Amino acid sequence: MTEQLTDQTEDQLDEQGSMTIIEHLTELRNRIGVIFAVFIVFFIAAFIRPFGSDSANIADLVYRFLQAPLADILLERGGRMIFTGLHEGFFTQVKVAFFTSLCITFPLMLIQIWKFVAPALYKNEKSAFAPFLLATPVLFALGALMVYYLVIPLAWQFFVGFETIGGEGALPIQVEPRISEYLSLVMRLMFAFGIAFELPVILLLLVKAGLVSPEGLASKRKYAILLAFVAAAILTPPDVISQVLLAVPVILLYEISIIIARFIQPSESAQTE
């Protein structure tokens, strides 16, 4: 009789476990569906022209904002931007709409991830994880703003400086950037700096989990400096200005992460438990 009850209890637990897994998968599907639906809505809203074909849509306004640092330089010289393929203007609009929708839905993605993960965390784990979740969009935005207001104006001024007026027996050399190439470069810079500024979040999470220690990070400082300059050389245009402006903040963030890690690292008793 006891064995029968035990078998029935195990069967019930198996059924409950199966239902719990299915419920988690259903919840995950629903949250992904919410993110995808909101993304599509903002993408369409950014791409369409609701007030007539001659009016600017959201993608136009965003692109004007992204090209403003270059426009401030080229308008003084009578410069312009071009596209060389019939489809290039259209796909540039699509890329800008995608970029705009992604930026708007990024906080929603973090919220949905938090709502999915939070029920499985203990109270102390929630309080430890929440600051990192809040810091993620803030640091990404700081990196993107640094690109827009500091790195891009300096880099564009450097590149445009290679124009020549021309003279007797020499043709003038003028820059006429393609809209798709310009957009790809700006987006790559903004994402590169935004992701690089997430370094403290990654390092401090590893420290909080006990996978690395402040002493270990300090001992690997020279390798971190080398990797910062290598990553800057890969992710930024081939000029010293933008490379240094990415590598130096990353190195500073690494040092700041070491300092903060000394205060948040788990104690030896906590690790033993």
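Values as computed for the structure displayed
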read-out: For the chain, with +1 on Lys and Arg beta carbons and -1 on Asp and Glu, the positive-most of ILE234, ALA170, ILE152 along the dipole; value: ALA170
read-out: Cβ-Cβ FRET estimate between GLN174 and ILE225, R0 fixed at 41 Å, reported to 0.05; value: 0.60
read-out: Projected label distance in nm at VAL138 and ARG188, using a 7 Å step from Cα toward the beta-carbon; value: 3.2 nm
read-out: TYR122-GLU27 FRET efficiency (beta carbon distance; Förster radius 22 Å; 0.05 resolution); value: 0.70
read-out: Order by protection proxy (mean Cβ within 10 Å, highest first), peptides 23-32, 62-71; value: 62-71, 23-32
read-out: Kirkwood-Stokes translational diffusion coefficient of segment 2-197, alpha-carbon pairs, 4 °C, 1.567 mPa s, µm²/s; value: 62 µm²/s
read-out: Spatially near lysine pairs across the chain, Cα under 20 Å, sequence gap of 8 or more or different chains; value: 5
read-out: Test item: Cα-centred dipole of the chain, Lys/Arg +1 and Asp/Glu -1 on Cβ, debye; value: 880 debye
read-out: Net charge of Cβ neighbours under 12 Å - reference LYS115; Lys, Arg +1; Asp, Glu -1; value: +1
read-out: Length-normalised contact order for segment 2-197 - Cα pairs under 8 Å, 6+ apart - percent; value: 28 percent
read-out: Computed E for ILE264/ILE40 - FRET, C-beta separation, R0 41 angstrom, nearest 0.05; value: 0.55
read-out: For ARG178, residues with placed amide H under 5 Å, excluding near neighbours; value: ILE82
read-out: The chain - mean residue ellipticity at 222 nm from DSSP helices (-39,500 (n - 2.57) per run, n ≥ 4, rounded to 500); value: -25500 deg cm²/dmol
read-out: Helical segments meeting 27 Å axial Cα length and Kyte-Doolittle 1.6 threshold in the chain (DSSP H); value: 240-264
read-out: Dipole magnitude of segment 144-251 about its Cα centre (Cβ charges: Lys, Arg +1; Asp, Glu -1), debye to nearest 20; value: 600 debye
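FYI, it's all coordinate maths here, none of it is from the lab. Fair warning: this is a prediction, and the values are worked out from it, not measured in the lab. Note: ideal-geometry Cβ built from the backbone for every residue, glycine included; neighbour counts use all protein chains shown.
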